[in-house]
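Comments concern the structure below.
The values are calculated or read from the model by the stated rules, or taken from the named source; none is laboratory data. Note that the structure is predicted; figures quoted are calculated from it, not measured. Cβ coordinates were reconstructed from backbone atoms using ideal geometry, including for glycine residues, and neighbour counts include every protein chain displayed.
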Amino acid sequence: MATIEVIMPQMGESIAEGTIVKWHKKVGDPVKKDETLLEISTDKVDSEIPSPSKGILKKILVNENETVEVHTVIAHIESEGDGEAVKEPEKDATAESAEPQPSEEKTEPAPVTEKSSPEQEKPKDRFFSPLVLNIARKESVSMGELENVPGTGAGGRVTKKDILKYIEDKKAGKTEEKPVEAFAAPHVEVSRGGVEVVQMDAMRKKIAEHMVQSVKTSPHVSSVTEADMSRIFTFREKHKNAFEKREGFKLTYTPFMVDAVVKALKKYPLMNASIDGDKILMKKFINIGVAVALENGLIVPVIKHADEKNLTGLARAVQDLAVRARNKKLVPDEVQGGTFTITNPGIFGNLWGTPIISQPQLAILGVGVIKKRPVVIDDMIAIKPMVYISMSYDHRLIDGALGGMFLQTVVRNLENFDDKQSI
Amino acid sequence: MPVQPYIEAISAALWEEMERDKEVFLLGEDIGVYGGAFKVTKGFLEKFGEERVIDTVLAEAAIIGAATGAAIVGMRPVAEMQFADFVTCGFNQLVNNTASIHYRWGLPVPMVVRLPSGGNIHGGPFHSRNPEAWFFHQPGLKLVAPSTPYDAKGLLKAAIRDPDPVLFFEYKYLYRRIKGEVPSEDYVVPIGKADVKRKGNDATIITYGPTVHVALDAAQDIAGSDEYDVEVLDLRSLMPFDKEAILQSVKRTNKVLILHEDTLTGGIGGEIAAFINENAFEYLDAPVRRLGACDTPVPYAPTLETEFLPGKDKVLKNLKELLEY
C-alpha cells in the first residue's frame, strides 16, 4: 500500500492557482486510474481531472469552492499496488512540448508525487521582499497591482521606496486607479427576506472580473452594419447535407464569418494588434476566438492560425472547440492567444449586440440573427437573408474610420463569397 | 567636557572605581611595576599599593581562577589579559567555572576580565584576535565591547559594579587613535544598551568595537557620494545584546549589514542575523548581509592584514549592493 498525493495540476504556464469545483468521488470511494476524480477551475478553463492512480480516495484536503496554489496536495489516494505511483511520470499538463497528444484525451492525469519526493518548483513569479508584501497588505495593494509596480531595485525588484511611492501616487490620484473589484457591488441587505444569496462560481467570478477590467481598459466604441448573406445562404443550403454526412456535424454560418473576418484582418492588420503601454504589438498570426455559451457562463476557445485554414478546416476547428468547451475538455492553451473574437448574439434570435472586448485584443465582432428581410435593390424591393454585424473596438487605437472600413470589408467578403468553391 | 583618548578613559574608570570601592582590585601580568603592557595601569601601584595592584605569574588560568575566587568571597577583581588572545589559557576557568557558578551555587561573581583585542596593529596571529564569539556562546558571561572613550569608561564602571562576570573587550587600535569627550563626574553606560552612533533611514549597519568607526566612515562617504542615509547602530554590549534597539532600527530602515572585525564564520553576526530573521522578517526589504574578517588566522604581513580585515572599501561595496538591492 502506498499513499499517493493528488496535487493541483498546473494547467498552464501562467496559472498559479486553481479552484476545486466538484469532487466526483467521496472519501472511501474506490477510484480507477484515469477515472474522473474531480473538476477544477482555473482562471482560464474548467477541467476534469482524472485520478493519477487506482486505489481508495483516503482523504480530501481541499474542499469544493476552495482555491489553492498549483502543486498543493489536494487529496490522498491509497493505492493497492505500491509501485505504480512511483512509476507514474510527473507531467505538466501544458508543457509546451511538440509531442502530438492523443486527440481524445486532452486532459492529462493529475501529476502525482510520492510523499517523500522533493517539493516541486514553484512557478517563477516576480520576487517581493517580505517588507514589500507587508506594506502591500497593510495598504491594501493587491497582488495584481503589485505585479505592475515599477521596480528600481536589482533586476527590477520593487523596493521599499518603489512601493511607498506607488502608494503615495495612488493616494494623490496620480496612479491608475486600482481595477474595480468585480464584487464591490452594492451590499445586498439579506435580513429583510425575499433575497437568496447565491455564491458565484469560479467561472462567473472570472467573467465578471474580466468584463470589468476590459471596460476599464478600453474605451469601447461600436459600429453596426448589415450584410446580404444570399450567396452563403444558397451555398450552405446546397452543401449542408453532404457536409454533415461526410463530417458528422452540421455546417453552421460561423466558419463563413471567421473566413470573412480573417481576410479582412489581413487587409487591416492593425485590427489584429494589441496595446502594451505606449507600444502597439503587431501580430504576425491570426487567432480567432469564438465565443461559446455554456450552461453557466461562456468561454472563448481560440482557432489558432485561422488564416492557414480553409473553410472545411475552420468548420472542423469551430466544431471541435465548441464540443470540447461544452464538455470541459479544453486545455488552457486553447483559450489563450486570441487576436480577434467573434461572438454570436444572433444565436438567441437577437438582431445585434454591443459585445465587450476580450482583452488584450482590440475588437470583437458580433453576428446577429440571419433573417429574411425586404431590402431595396436598384429601387426594387427584394427579399434577402440579411444579417446585422456589430463590432465593438478599442478607440485608443482604432478610430471610426478604420473600424468602419474594416467592417465594410467583412461585409464585402461575405456578400462576394466565392460560391464556386468546394467544401 | 574634557577630551580624552580611549585608553585614558579606561584608566580613569579603573582609578575612579578603585577610589570609590575598596573591594575593587587589579591583577594581571606586568600591570604593577611596569604599568601594564599598554600602560593602562601606569601609576596605579604607587597610588593603591601592591595589595590592590597585583603583578601575577604568566598564567591566565591562575589569574582568572584567583579573580573568580576573590569574587565569590565578595571582592571585585579586575583581571587583565595582556592580549585577549591569551585568554585561551584561562578558557577552562572562565567557561566551566566562572560562568556557571551563579547557576550552580546561586552566588554572585562580580569580576571583570579586560581583554585588549583586535588587529590593525600588525601584531600577527597571537596578538590580534577578537575572541568574543567563543564566550558569546557560553551562558553565564556578560560581554561588552565599547567603541568610544565615553562608552569605554561608562561600560567599565558598569562592569565593575555588575554582580556577574563581565568580559570587557577593549581595542588596542582605538587606544590612542580615538579621542572623545568624557565626563569627569561619575556615570555608567548600562550593560545591554546599544547606541545609535549615526542616524539614517536607508540601511542599518549593526556593529561594535573598532568597526563602528569603519562603519561611520563608510556611511559618511556614501552620504556624500550617493545621498544614501545609513544608520550605524553600535551594540556596545554583545551579551546581552540590545534586541529592542535592533528591531527598532531594522523596522525603520529595512536593510541590514552586520559588521564585525572578528572572522565571519561562527561570529556574532550570525546570531544577530538569525534574531532579525526570526523577529523582523516582514520588515526586511533585502537579505541581511554580514561582513567580517576573512576566515583565516590574522596574518602578520601588513598588506595581508589590510586585506584580511573588513575595511572601509569592503564595507562600501557591501553597503552599495545592499542599498541598490
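A few points about this structure:
- For region B:60-84, filtering for residues that are closer than 18 Å to B:GLY36 by Cα and either among the β-branched types (Val, Ile, Thr) or surrounded by 22 or more Cβ atoms within 10 Å (Cβ to Cβ) (or both) leaves 10.
Yes/no matrix, rows are residues, columns are (1) more than 19 Å from A:VAL224 (Cβ to Cβ); (2) modelled with pLDDT of 90 or more; (3) not in a loop (DSSP other than H, G, I, E, B):
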| position | (1), (2), (3) |
| --- | --- |
| A:ALA322 | yes, yes, yes |
| A:ASP333 | yes, no, yes |
| A:ILE347 | no, no, yes |
| A:ASN350 | no, yes, no |
| A:LEU365 | no, yes, yes |
| A:PRO374 | no, yes, yes |
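- Any hit, region A:388-406, residues being free of Cβ contacts under 8 Å to residues at least 24 places away in the same chain and either charged (D, E, K, R) or not in a loop (DSSP other than H, G, I, E, B) (or both): yes
- Qualifying residue in region A:257-265 (condition: touching a Lys or Arg at 6+ places or on another chain (Cβ under 8 Å), in contact (Cβ under 8 Å) with a residue 40 or more places away in the chain and not charged (D, E, K, R)): no
- For region B:254-282, taking the residues that are within 14 Å of another protein chain (Cβ to nearest Cβ) and in contact with a helix residue (DSSP H, G or I) (Cβ under 9 Å, 6 or more places away or on another chain), the one that is nearest to B:VAL196 (Cα to Cα) is identified as B:VAL256.
- Answer from A:PRO123, A:PRO150 - the residue that is at pLDDT below 50 and more than 14 Å from every other protein chain (Cβ to nearest Cβ): A:PRO123
- For the residues A:THR113, A:THR107, A:THR159, the requirement of being buried (at least 19 other Cβ atoms within 10 Å of the Cβ) and modelled with pLDDT of 90 or more singles out A:THR159.
- If you check B:ARG129, B:ARG161 for being surrounded by fewer than 21 Cβ atoms within 10 Å (Cβ to Cβ) and modelled with pLDDT of 95 or more, only one passes: B:ARG161.
- Qualifying residue in region A:234-249 (condition: in a helix (DSSP H, G or I), in the same structural domain as A:TYR393 (by TED's automatic domain parsing), under 21 Å from A:ALA306 (Cβ atoms) and under 22 Å from the mean Cα position of the chain (by Cα)): no
- The numbered conditions (1) part of a helix (DSSP H, G or I); (2) out of contact with any Gly (no Cβ under 6 Å at 6 or more places or on another chain); (3) within 14 Å of another protein chain (Cβ to nearest Cβ) are all true for A:ASP162 except (2).
- A single member of A:ASN287, A:ASN296 is surrounded by fewer than 19 Cβ atoms within 10 Å (Cβ to Cβ) and in contact (Cβ under 8 Å) with a residue 40 or more places away in the chain, and it is A:ASN296.
- Strands (runs of 3 or more DSSP E) contained in region B:42-123 and holding at least 1 residues in contact with a Pro (Cβ under 8 Å, 6 or more places away or on another chain): B:76-80, B:112-117
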